[in-house]
Structure formats: structure tokens, C-alpha cells
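In what follows, a single structure is set out as C-alpha cells and then discussed.
Any read-out appearing in this document is the output of simple, stated calculations on the displayed coordinates, not a laboratory observation. The structure presented is a predicted model; accordingly, all values stated were derived computationally and were not measured. Glycine gets a Cβ as well: all are built from the backbone with ideal geometry, and neighbour counts include every protein chain shown.
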Amino acid sequence: MAHEKFSTWHGTTIIGVKKNGKVVIAGDGQVSLGQTVIKGTAKKVRKLSPGGHDVIAGFAGSTADAFTLLERLEAKLDAMPGQLARASVELAKDWRTDKYLQKLEAMLIVTDGEQLLVITGAGDVLEPEHNVAAIGSGGNYALAAARGMMDSKKSAEDVARKAMAIAADICVYTNGKLTVETL
């Protein structure tokens, strides 16, 4: 049942690409309310530095909900420095079992420069195949485009940028105003 609500969200595309020792997370800037663009320059990719360890997180879904989850993830990482997978699993467990957190509608892509993970409210912490993860309304378009470029000579950032451009051309809830962070 939790997966059903994720499939109806609109309004963003986030992609994570891991290639040649670099991990990039990129996100568009469009915020939509129904069929109206409310803002075109939102920042949905953030760099966190809990305990002196850099982590990048991108989110799709409700902004307020995502900020709540990012604060919780940062607290987990403060308690478990350098252990992104463990902190992510603990966040996913809390998200799935806590009555307040269960109502949060967002998804996250996170990286510490080594691991690339997708975290959902259904209790999932997934390490994607093929070193590419994408979420949001244009996520499948960006994912397909990036996977098609992974064998090219393009850098992780170039793959992410081109995949986001393709998603923005197809998904009306995605624009080309990107925030890109690299580890």
C-alpha cells in the first residue's frame, strides 16, 4: 500500500550516477501544484556533513516531509559516523514503523561517494543495479537515458546532466534548472 502513494507524485526528477570513482546526484528545480508551475528554481539536492563525513541527498515528494527525513538521516549519521547504509536502514525502519513518519510522502537518493542508495517510506533501502538510481515523476525517463550512456566515455556528471535534460524534454513536471552535487 505504501508504494501506491509514491507512484502518484508529480513534480520532480532526481538522479544519482556512480561512475569512474565519482558519484553525482542531480535534481531539477520545478515545483508544481496540479498543472501550475509554482517555482522553477527549487533546490532538491543538498550536501550534508554530519560528523565531518560528506553525504549528498536528493529528494522527491513533499518538501516539508523531505526536510523532516533529511534531519532524521543527519541525526542517524551523527550517531553512526561514516555508516551511510546502516543509518539509512535505521531511518527506513523508523519511517515504516513510526505513526508520524508513516504519513511522510517523499523518497530519497543518498550517497557518501562510495554507496548510492534509494530510501523509501515502504522500508526499502536499495542499492541500484548499473550504478544509476532515479526517482520522481521523470525518474524512469532519466534512468533509461542514463543507463543508455553508462558505457560511453561521458563522466558521471555528464551522464546525469544529459539524462536530466532528456527527462525535462519528456516530463512536464521536470525542468532543466539543475542542482548538481558530486562526491
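Lys and Arg at +1, Asp and Glu at -1: add these up for the other residues within a Cβ distance under 11 Å of residue 179 and post the number. With Lys, Arg at +1 and Asp, Glu at -1, the neighbours total +3.
Each of residue 126 and residue 49 was given a label point 7 Å from its Cα along the Cα-to-Cβ line. The distance between the two points is 3.2 nm.
Applying a threshold of 28 Å to the alpha-carbon distances of 76/154; 153/177; 18/177; 18/99 flags 76/154; 18/99 as lying beyond it. Around residue 75, under 12 Å between beta carbons, what's the net of Lys plus Arg minus Asp minus Glu among the other residues? Overall, the nearby charge balance is -3.
Modelled this way, with points 7 Å down the Cα-to-C-beta line, the labels at residue 37 and residue 20 are 3.2 nm from one another.
Mind pulling up the Rg/Rh value for the chain? Radius of gyration and Kirkwood radius, both on Cα.
Values: Rg = 15.1 Å, Rh = 16.0 Å.
On the Cα set of the chain, Rg over Rh gives 0.94.
With helices as the sole contributors, the chain gives -10500 deg cm²/dmol at 222 nm; each DSSP H run of n ≥ 4 counts as -39500 (n - 2.57), and the sum is divided by every residue. Remark: segment 1-105 carries a charge dipole of roughly 260 debye about the Cα centre, counting +1 on each Lys and Arg Cβ and -1 on each Asp and Glu Cβ. Considering only 120, 38, 25, and ranking their Cα positions along the charge dipole of segment 2-173 that arises from unit charges at the beta-carbon of Lys, Arg, Asp and Glu, the one farthest toward the positive end is 38. Since only 152, 56, 137 are under comparison, the one whose Cα sits farthest along the positive direction of the charge dipole of segment 2-173, derived from C-beta charges on Lys, Arg, Asp and Glu, is 152.
Given R₀ = 22 Å, FRET efficiency for residue 115-residue 155 by Cβ-Cβ distance, to 0.05? Using R0 = 22 Å, I get an efficiency of 0.70. For the pair segment 110-174 and segment 67-98, the centres of their Cα atoms are 22 angstrom apart.
If a/c stays under 1.5 just call it rounded; otherwise compare a/b with b/c (prolate if a/b is bigger, oblate if not). Do that for segment 2-106, with a ≥ b ≥ c from the square roots of the Cα gyration tensor eigenvalues. Here segment 2-106 falls in the oblate category.
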